[in-house]
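The values are calculated or read from the model by the stated rules, or taken from the named source; none is laboratory data. Just so we're clear, the structure is a prediction, and the values are computed from it rather than from any experiment. Please note: Cβ atoms are built from the backbone with ideal geometry, for glycine as well, and neighbour counts cover all protein chains shown. Heavy atoms of the whole protein, side chains included, go into the accessibility calculation; ligands, DNA and RNA do not. Shrake-Rupley method; radii C 1.70, N 1.55, O 1.52, S 1.80 Å.
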Amino acid sequence: MKRSLLALAAGSFILGAAEFVMMGILPQAAAATNVDIPTAGHYISSYALGVCFGTLMLVFGRKTPPKKLIILFMVIAFVGNALSACAINAPMLLVTRFIAGLPHGAFFGTATVVAKELADPGKEAQSVSMMVAGQTIANMLGVPAGTLLAEFLSWRLTFAFLAAWAVMTVILVAAWVPQVAPIKDAGIKGQFRFLTKIGPWLIIAAIFTGNAGVFCWWSYVSPWLQKTGGWASALVPLFMMLAGFGMVVGGLAGGWVTDHWRHAGTASLGQTISCIGLLMVLFVPGNHATTTILTFWIAFGLFFVNAPQLLLMAEAGQGGGELIAGAAAQVAFNFGNAVGSAVGGMTLNAFSMDYRFTGLAGLPLSILGVALLALYSWRYETDTDAIHRLREVHV
């Protein structure tokens, strides 16, 4: 891997860990801040809302070189996670989680453009998937490590570790990421011109609904494993590692398929995998075997869609809106997370804390995500450009 991609992956690692680690430490954070589990789900939503508002930084930073932007985002990530480690009550943790989420969407929008610039011809999606691999590895290693810290020492140490990682990432980006020219300055209005077309809105809606559906279940995966699967809390970090492995495999597989097939078609396939998983959460009896399979299955589908969706949005914003378009994908992703977490919490209250019904809450949203991606693929990807990618072979 190019060192520059490794530095970008380090950035996606901290943001992926900061986003997903709360699912693994939710019971400890809830107990420490004197709130119940559904209420603690707002810590997840707060980070997601920070992602949405943080995208505005790109509106005014469009003339700034991408490398400087990425360093700025890592500094903000340091501040948010350092303050989260010091949070003394629920309101403070909500605020600090919001701060930690501010650079998320802006980083991925910027890093996607940089990864595309650094890619070999015809391997743009794989380059983006390697950058995103940091986020998936965070789920395989960082989230389980954070969950272990919360289980045996303190959940505060998890955020302290993330703050230290942000400092390291600043050093790596400064040393390894080359200077990439800022995108074409199309003005403030020009950055949003791509939103005047229906296609990008279909993708944004698909990302939102698809992730809202999955996060109805994923936000409460730790208590689901314990209450439905019968696993001891000490084993939850191992399942976070299993889910992270599924995300790594799914992300890399999605990147490879995207470079060889329709982008929206690939995303629709990945969302279908997650949709089937949610159906099984609801109807398959919960035990050790089924919860193990479903943890990997849904995590695989969740990140199979990542590279194609990011690439679709970056391409939609060509002409000055690339950063905003890439960030819009992350805004939709995290807004979906926030809504999914809230819907899942309401469903748990409505069904007497039966965690199987988080699958029921997420299923309609996930199906809608599949339909929107399939519609986009049918409407805009009937010409796959395969004939233009044929290469002459001499025998």
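Things worth noting here:
- Pairs, first farther than 17 Å from Tyr220 by Cα and crowded, with 24+ Cβ neighbours inside 10 Å in the range 292-308, second modelled with pLDDT of 85 or more and of a type in the set (Ser, Thr, Tyr), C-beta under 6 Å, six or more apart: Gly301/Ser274; Pro308/Thr266
- In summary, Phe335 fulfils each of the numbered conditions (1) at positive phi; (2) part of a helix (DSSP H, G or I) with the single exception of condition (1).
- Here Val75 does not fit the description of being among the aliphatic types (A, V, I, L, M) and outside any helix (DSSP H, G or I).
- Scope the range 63-72; condition open to solvent by less than 40 Å² (accessible area, probe 1.4 Å) and either of a type outside the set (D, E, K, R) or in a loop (DSSP other than H, G, I, E, B) (or both); matching residues: Pro65, Pro66, Leu69, Ile70
- No other residue among Ala29, Ala115, Ala87 is among the small types (Gly, Ala, Ser) and closer than 23 Å to Ala328 by Cα apart from Ala115.
- Residue check for Leu282: out of contact with any Cys (no Cβ under 9 Å at 6 or more places or on another chain) and among the hydrophobic types (A, V, I, L, M, F, W, C): yes
- Among residues of the range 17-42 that are without any contact (Cβ under 8 Å) to a residue 12 or more places away in the chain and in a helix (DSSP H, G or I), those with a beta-carbon under 9 Å from a residue that is open to solvent by less than 10 Å² (accessible area, probe 1.4 Å) and aromatic (Phe, Trp, Tyr) at least six positions away or on a different chain give the pairs Ala30/Tyr43.
- Residues of the range 78-90 that are in a helix (DSSP H, G or I) and either over 18 Å from Val51 (Cα atoms) or outside the structural domain of Gly109 (by the TED database) (or both): Ala85, Ala90.
- Test: residue in the range 40-47 that is modelled with pLDDT under 90 and open to solvent by 30 Å² or more (accessible area, probe 1.4 Å): yes
- Looking across Phe108, Phe161, one residue alone is buried (at least 24 other Cβ atoms within 10 Å of the Cβ) and among the aromatic types (Phe, Trp, Tyr). It is Phe108.
- Verdict on Val51 being buried (at least 24 other Cβ atoms within 10 Å of the Cβ), among the β-branched types (Val, Ile, Thr) and assigned by the TED database to the domain that holds Ala31: yes
- Residue match in the range 168-182 (condition: surrounded by fewer than 20 Cβ atoms within 10 Å (Cβ to Cβ), in contact with a Ser or Thr (Cβ under 9 Å, 6 or more places away or on another chain) and at pLDDT below 85): yes
- Every residue from the range 79-91 that is closer than 21 Å to Thr169 by Cβ and either of a type in the set (S, T, N, Q) or buried (at least 21 other Cβ atoms within 10 Å of the Cβ) (or both): Gly80, Asn81, Ser84
- Odd one out for Trp217 among (1) within 23 Å of Leu372 (Cα to Cα); (2) not in a helix (DSSP H, G or I): (2)
- If you go through the range 343-369 and keep only what is among the hydrophobic types (A, V, I, L, M, F, W, C) and open to solvent by 30 Å² or more (accessible area, probe 1.4 Å), you end up with Val343, Met346, Ala350, Phe351, Met353, Phe357, Leu360, Leu365, Ile367, Leu368.
- Counting residues in the range 233-252 that are open to solvent by less than 30 Å² (accessible area, probe 1.4 Å), among the aromatic types (Phe, Trp, Tyr) and either assigned by the TED database to the domain that holds Val59 or part of a helix (DSSP H, G or I) (or both) gives one or more.
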